[in-house]
Each structure stands twice: as C-alpha cells, then as structure tokens.
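This report concerns only the one structure given below.
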Amino acid sequence: MADPHGFLSVDQRETPRRRPVPIRLMDYREVYEAGDPEQLRRQASRCMDCGVPFCHQGCPLGNLIPEFNDAMYRGELPRAVELLHATNNFPEFTGRACPAPCENACVLGINQPAVTIKQVEVTIVDQGFEAGLIQPVIPERITGHTVAVIGSGPAGLSAAQQLTRAGHTVVVYERDARLGGLLRYGIPDFKLEKHHIDRRLDQMRAEGTRFKTSMEIGVDISLEELQSSFDAVIVCTGATVPRDMGIAGRDLDGIEFAMDYLVPSNRVQAGEQSGVQDTDQSGRGKSGGFIDARGKHVIIIGGGDTGADCLGTALRQAAASVTTLAIGTQPPAERSESDPWPTVPRIFEVQSSHEEGGTRRYLASTTGFVGDDGGSVMGIDVAETRFVDGARVPTPGTEHRLDADLVLLALGFSGPESEALGLDVAEGGAFARDDSYVGSAPGVFIAGDAGRGQSLIVWAIAEGRSAAAEVDRFLTGSSRLPEPVRPHEKSFKC
Ligand SMILES: Cc1cc2nc3c(=O)[nH]c(=O)nc-3n(C[C@H](O)[C@H](O)[C@H](O)COP(=O)(O)OP(=O)(O)OC[C@H]3O[C@@H](n4cnc5c(N)ncnc54)[C@H](O)[C@@H]3O)c2cc1C
Ligand code: SF4
C-alpha cells in the first residue's frame, strides 16, 4: 500500500471527463477524453490494500486489484501490466465496457465512493500498449494437440489465447466476416472502438492462433467433422436468440429486434455496408439492411445494455424522439437494504447514452402495436404495470398511446442457436454442460454465453480461461492454466 492516508486525504472519486454531449452525438467515437495521469495516481492512492480485498472477490476474473493499484500509484507500469494480464486476457474490453462488480464490492464503498478500479485497469492496458510492453507471448513448445474454437467473442478469444500459449494448435471458426462477436457487432463504437479488438487479434495471430472467418459450424462444416479433425472443440457461440413479444400488431413493419438494428449500424461505422436505408425494406431489419432512425419517433422496449446502445445509436442518427420503456419499477438511486454491500445492487443506472437524451419510463406495460394503412407501425399502446401475485400485468383504465415510427425490442436473449450444432440444451435454454465445461458430445466443451446464458464480457473471458484449463487437462492429463470460475457460479464469490 503506497499511501496509507490516501483514502483519507482524497475522499472523492474522479473519472476522466466525457466529451460534451452535443459534440459526441456528432460521431461514434468513444465518449471519454484522455485521462490525466495525476488524477489516476490520486485515485490509485485511495486503495486501502484491504486485508480481505473484496474487490478481488467481486471480480469474476479474480483481478489482482490492490496490487495493480499500488503499482500505478508508484508509477511502475511494467509491473502493473504484468499483474493485470495475469488474470485477464483483454482488460481493454472490460476496462471500457464492464459494469465493474469489483467496484460494487470495494470496501471503500461502505462509506465513500469506491476506488475507480475500472479506470485504473483501462489506463494500465492503454499505456502498456503505447509503451510497447504488451507483446506476443510465443509458446515455448508445441504439444501436437489440436483444438477448434467455435465463435470469436470474448469467451472464444480468451480460450484460444490460453490454449495457444499452452502450446496447443488452435483454430477459431467464426461465421461472421470479422472477429470479435458482440464486441465487434453488438457494442457500438462509442463504448468500444474496434481498433482495440484488431490490436489484440494482431497479438493473437503473432502467437500462433489461427482464424477462419465466414465459416458457420453446422452449416459450412458439421460439428462432427470438427470433432474428427481436432482433439477437442470449444463451443463459444454466444446466446443470440432474441426474446420476442407475442402481442397484437407484432408483425407490423418497423418493429425490429435490437440486434437487427445495432449490427447493421456497427457495420456502417466499420465501412462494411451502406448507411442508406433501402426503401424497399420499409425498415425491416431481418435482411441485415441498415435501419435509419433519423426523424423517427423511436420506442425501445427493455432497458439494459442493449437498450442503452440502441438509445445512443438512435440519438446519433438524429431520431425525433427516443423513449425507453421498462415494465418494472424504477430502481433506487442508492443501494437498498435488500442489496447490501458487497453484492451487485440493482440501482438506477445512468450510462453514457442516458446522459445524451431520450426519456425513460417505468411501470410501462406494452399492450399492443398500432399500424397505419400501409402496415407500418405508427403507435404503441401502453398501460401502467401493477403486480398481481408476483406477475406484472397492465392496470385497466390506464391505457394510453405513444407515437412510434420505429420500435426496438431489447428484451434480452433466451439462449444460443442450438439446432445446427445438435447439442443438448439445459433448462433455461443454454447448452447443457457439466462442472468441467463438458457438453453433451465427446470432447466438446461449452463456454461463455452459450453455456451461461446472456451475461457479461467479464464472465465470458473468465469462462474462456477456465474452459481452456479443462481442455488442457483433458488433452495432457494436467494443467497449469488458471481457472477463475466454475460453470454454474453466478455472482459474488464470498
Ligand atoms: C448490444 C449489447 C451490448 C452489450 N454491452 C455489454 C457491456 O457494455 N458490457 C458487458 O460486460 N457486456 C455487454 N454485453 C454482453 C456481452 O457482449 C456478452 O456477454 C459477451 O459478448 C458474450 O461473449 P461470448 O464470447 O460468449 O459470445 P459472443 O460475443 O456472442 O460471440 C459469439 C460468436 O460466435 C459466433 N457464432 C455463433 N454461432 C456460430 C457458428 N455456428 N459457427 C461459427 N461461429 C458462430 C457469433 O457470430 C459470434 O461472433 C452486451 C450485449 C449486447 C447484445
Ligand atoms: S476493496 Fe477497494 S480499497 Fe480494498 S483493496 Fe480492493 S480496491 Fe482497494
């Protein structure tokens, strides 16, 4: 602990400035301005190096947080970079987009704002790359074992990097033309610019991981073919089946799943497709065409990360209005007694997109969609939610109509697309697996959202690392790779 009085002399939490809203709405670049090194050092000094560092327990990766806070306070960047990468393959992703359960668990958070752990993390990795401290880690020996990884999201990439470094020959198969999974095509650039992914992929290629894009397993090659060509297979295909609403008017034009809106928008930003909406599509996203919110009244049903990303995107496209509807109650601004420290609390979250505009409405039950004569959505009927025997139902007599030219369904995901791979599915919709990440076919392991259900980047990386250790043990009889999480672990590890 570099400064034993740090948490007393600096009692305020400071994060880098965000670019002014009117400026950042003119582009898709990340919202944060470059951090001030002195401010970061001040914040690192607040860490108390707790005897029981709850931050470390709160992080699914078990990041060595007090240690890297100390290293950054002392200006020891090489040590900080090493400590950070000891537990996390991709801190540039978590440092930007993680909801930071470590900060919820920080002991300082009991009576002061938590240490800005995520900011310290992202600064270490950004400065580490700038200083040339993050280089390929070439395996010392090649084992002769081969592993196929299906899917190139954070779970697939972390599993692949761990196994390549352990000396196995790893090929990642990805159905999209570019690598990264939801990091590439789900999360918009204003939260995560894509050059961060490309830089990490360069490192992985130099280490020896091979990538095959535009290859859909179950369509272009069967899972059985992969099983016969490789010693082990890891399925990291994500949880991509969207939840739907079976209510009146659902088939109207202009009612889209959030991902049918976000993916083309991200492709446009990457220069992969045109940013002009094809008039023939009448706003239909299923074809993969660009959907433009310009001048439209947009309603987003469902909050969460996906809803917030739709909001930020629609505001950048100059929508006439954007309203987010949530069926439940508005969470409190502070931790409630039912969410005590150090658990992850349900609180009213203000993401960068929420600062930028739009209206958020709670207790809003959607009862139907209203169309015009041409079959396009023009409104949405909403009633106030009430709770009956634990169920959320519309209150009679409270119905009212909101204008809507574009409705985005951000209701979450029910699980992976399971038919093409033919693996068993567990209750809840994700692929079935045992406590060693083994799925229902021999030599096939399951990691990330495909096995956990819709989750977070940090859990995907943690599962990829742990599944890699299991695969290493399966191939060689033992493993020295770290295993941060077990498949059925859900939250705070106390
Ligand atoms: C819009 C949105 C915003 C989000 N924002 C955040 C956030 O801010 N912070 C956070 O922590 N989490 C966020 N998440 C969640 C996070 O992105 C996921 O939990 C994480 O990406 C899961 O990683 P994964 O590797 O398991 O799967 P994915 O990232 O979904 O990757 C799966 C990959 O498998 C590929 N694939 C699927 N089937 C096949 C097949 N048959 N053959 C070959 N390839 C296949 C897919 O194309 C994809 O590339 C967000 C999710 C969404 C949808
Ligand atoms: S819990 Fe907070 S104060 Fe304690 S070691 Fe972790 S970051 Fe530092």
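Reported to the nearest whole Å, the Cα centre-to-centre distance from the range 94-152 to the range 441-463 is 18.
Please give the calculated 222 nm ellipticity per residue for the chain, where each DSSP H segment of at least 4 residues contributes -39500 (n - 2.57) and the sum is spread over every residue; nearest 500 deg cm²/dmol? Can you show the working numbers first?
Numbers: 18 runs with 157 residues, N = 494.
That calculation yields -9000 deg cm²/dmol at 222 nm.
Summed over the residues of the range 88-176 and divided among them, the accessible surface reaches 31 Å² per residue at a probe radius of 1.4 Å.
With an 8 Å cut-off on Cα pairs and a minimum separation of 6 or more residues, tell me the relative contact order of the chain in percent. Present the calculation step by step, with values, prior to reporting the outcome.
Details: 1065 pairs, mean separation 81.8, N = 494.
For the chain, the relative contact order is 17 percent.
Restricting the count to DSSP beta bridges whose residues both fall in the chain, what percent are antiparallel, rounded to a multiple of 5? Walk me through the numbers on the way to the answer.
Details: 20 of 52 bridges.
Rounded to the nearest five, the antiparallel share is 40 percent.
Using R₀ = 25 Å, calculate the FRET efficiency as 1/(1 + (r/R₀)^6) where r is the Cβ-Cβ separation of Ser9 and Glu33; round to 0.05. Step by step, r from the Cβ atoms, then E = 0.50. Semi-axis lengths, largest first, of the ellipsoid equivalent to the range 1-94 are 26, 18, 12 Å, with √(5λ) applied to each eigenvalue of the Cα gyration tensor.
Counting Lys and Arg as +1 and Asp and Glu as -1 over every other residue whose Cβ lies under 13 Å from the Cβ of Ser45, the net charge comes to -1. Extension gain for Tyr362-Thr395 works out to 10.5 nm (0.36 nm per residue, less the C-alpha to C-alpha distance). Of the listed residues Arg433, Arg346, the order by accessible area with a 1.4 Å probe, largest first, is Arg346, Arg433. Solvent-accessible area of Arg29, all protein chains in place: 130 Å² (probe radius 1.4 Å, heavy atoms, ligands and nucleic acids excluded).
Counted by Cβ distance under 10 Å from Phe68, the other residues give a net charge of -4, where Lys and Arg count +1 and Asp and Glu count -1. Between beta-carbons, use under 11 Å as the cut-off and find the net charge around Ser436, counting Lys and Arg +1, Asp and Glu -1. Counting the neighbours of Ser436, the net charge comes to -1.
Among Leu183, Leu64, what's the order by accessible area (1.4 angstrom probe), most exposed first? Write down the numbers at each step before the final one.
Details: Leu183 0, Leu64 45 Å².
From most accessible down to least: Leu64, Leu183.
Give the residue list of GluC sites (Glu not before Pro) in the range 242-351 that are DSSP loop and have at most 11 other beta-carbon atoms within 10 angstrom. Write out the running numbers ahead of the final one.
Numbers: sites: Glu256, Glu272, Glu334, Glu337, Glu349; in loops: Glu272, Glu334, Glu337, Glu349.
Qualifying residues, ordered by number: Glu334, Glu337.
Cα centroids of the range 289-306 and the range 349-425: 11 Å apart.
Once the chain from Gln227 to Arg294 is taken as fully extended at 0.36 nm per residue, the excess over their C-alpha distance is 19.4 nm. Backbone phi angles across the range 376-386, fed through the Karplus curve with coefficients 6.51, -1.76 and 1.60 (θ = phi - 60°), yield HN-Hα couplings of 9, 5, 10, x, 9, 8, 10, 10, 6, 6, 10 Hz in residue order; Gly and Pro are listed as x. To the nearest whole percent, what portion of all C-alpha pairs in the chain is separated by more than 32 angstrom? Of all Cα-Cα distances in the chain, 44 percent exceed 32 Å. Computed from phi, the 3J(HN,Hα) profile of the range 453-469 under the Karplus parametrisation 6.51, -1.76, 1.60 (θ = phi - 60°) reads x, 3, 8, 10, 4, 5, 5, 4, 5, 4, 5, x, 5, 5, 5, 4, 5 Hz, with x in place of Gly and Pro.
The values are calculated or read from the model by the stated rules, or taken from the named source; none is laboratory data. All figures in this text were calculated on a predicted structure; none of them were measured in a lab. Methodologically, a virtual Cβ is constructed for each residue, glycine included, from the backbone with ideal geometry; neighbour enumeration extends over all protein chains shown. These accessible areas exclude ligands, DNA and RNA; they are computed on the full protein's heavy atoms, side chains included. Shrake-Rupley method; radii C 1.70, N 1.55, O 1.52, S 1.80 Å.
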